[in-house]
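The block underneath contains the structure these notes are about, expressed in structure tokens.
The values are calculated or read from the model by the stated rules, or taken from the named source; none is laboratory data. All figures in this text were calculated on a predicted structure; none of them were measured in a lab. All accessible areas refer to the heavy atoms of the entire protein, side chains included, with ligands and DNA or RNA removed. Shrake-Rupley method; radii C 1.70, N 1.55, O 1.52, S 1.80 Å.
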Amino acid sequence: MRVLAAMALALLLGARTQAQHGPLDGINTALQQGEADQALSLLAGLPADESASAEAHNLRCRVYFILENFDTAVRECQQAVEAEGQNSDYHMWLGRALGEKASRASFVSAYGLAKRTREEFEQATQLNPRNAEALADLGEFYSSAPGVVGGGMDKAQGVAAQLDKVDPARAHELRARIAEGNKDYATAEREFHAAIAASAQPAFQWITLASYLRRRQRLDEMDAAVQKGWSLAQQEKHAAVALNNGASVLIKANRNLALAAKMLDAYLASPMKTEEAPAFTAHVQRARVAAKMGDTATAKRERDAALALAKEYKPALDLKF
């Protein structure tokens, strides 16, 4: 029995290895590196059967999502869900695209889109109750949306209890956001610190705390939290996105732009970039920081770097120096 099991495992791992080196894997690599135009080019070159697959539609959705073309993202994610309706991640991504579209829609359209957003997040978590990202998205929806579209703090607390079992740090972050929404700032801060304590690599959570402190206008404490995140992110293998997020906090507060520039440079140099913080958006941020610091040459170079990755990205096209 052990020999048969080992043989089956070897075959499974071999199949996975082959899949990891297929064309869709190359598209996902381009997506994670922020190479939006390259990802779309690779998708356009797929054979007809692969191009029509659920995963190809999902990848297209995610590329258009980071390009902020949410109409197309919704259409592509809808096709992914229609092709493979039992995939939790596909429902999660459709919910995200619908949510972004809703945030930019007219009041009448936003109502229907928001309800659909909630339904997709709920479906994602029903299909996979251990999908921590989908649970966090659903909890954020419940905590921020009005009751008329299905929001509610009590529902968000229920999701936090589910997250306790799969991702305690996210559970504490959700409780912090619930408390902040209720203007219970003492509890919010306590929960943000609990998220730091619960995380094995807490650079990201330190930056999340820094963002909260910025909203509370406690700017000296914000600076200290960003510095802590910056220090940890240079040691943690998977913390690159914390560098981008920390720079964003500083830029929004208009403080310590030199550190923001260092954090963005470190993120862009990292091999661990992610679609969560697309490289071309980081280049746009870096260009804006350089312009504020009077470095027009760097600003232009960073804008051009963004357009080299995503030639139709409007925020980059709109930069004028």
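Lys pairs in region 232-304, Cα-Cα under 17 Å, at least 8 apart or on separate chains: how many?
Numbers: Lys237/Lys273; Lys252/Lys262; Lys252/Lys292; Lys262/Lys273; Lys262/Lys292; Lys292/Lys300.
Summing the qualifying lysine pairs gives 6.
Over all pairs of different C-alpha atoms in region 114-155, the reciprocal of the mean inverse distance, the Kirkwood hydrodynamic radius, equals 10.0 Å.
What part of the accessible area of the chain, given as a whole %, is carbon or sulfur when the probe is 1.4 angstrom?
Carbon-and-sulfur percentage of accessible area, whole number: 52.
What is the Cα centroid distance between region 114-142 and region 174-193, reported in whole angstrom? First find each Cα centre; the distance between them is then 21 Å. Taking each residue as 0.36 nm, the span from Ala308 to Arg215 lengthens on full extension beyond its C-alpha to C-alpha distance by 30.1 nm. Remark: the chain is approximated by an ellipsoid whose semi-axes, taken from the C-alpha gyration tensor as √(5λ), come to 30, 27, 22 Å, largest first. Once you sort the root eigenvalues of the Cα gyration tensor of region 32-112 as a ≥ b ≥ c, which label holds: rounded (a/c under 1.5), prolate (a/b larger than b/c) or oblate (the other case)? It is oblate, given that a/c is not under 1.5 and a/b is not larger than b/c.
A 1.4 Å probe run over region 166-321, with the rest of the protein chains in place, finds 46 Å² accessible per residue. Backbone geometry of region 171-188 corresponds, through the Karplus equation with coefficients 6.51, -1.76 and 1.60 at θ = phi - 60°, to 3J(HN,Hα) couplings of 4, 5, 4, 5, 4, 5, 5, 4, 5, 4, x, 8, 6, 9, 6, 5, 5, 4 Hz, x marking Gly and Pro.
Taking the convex hull of the alpha carbon positions in region 246-314 and averaging its projected area over all directions gives 4.5 nm².
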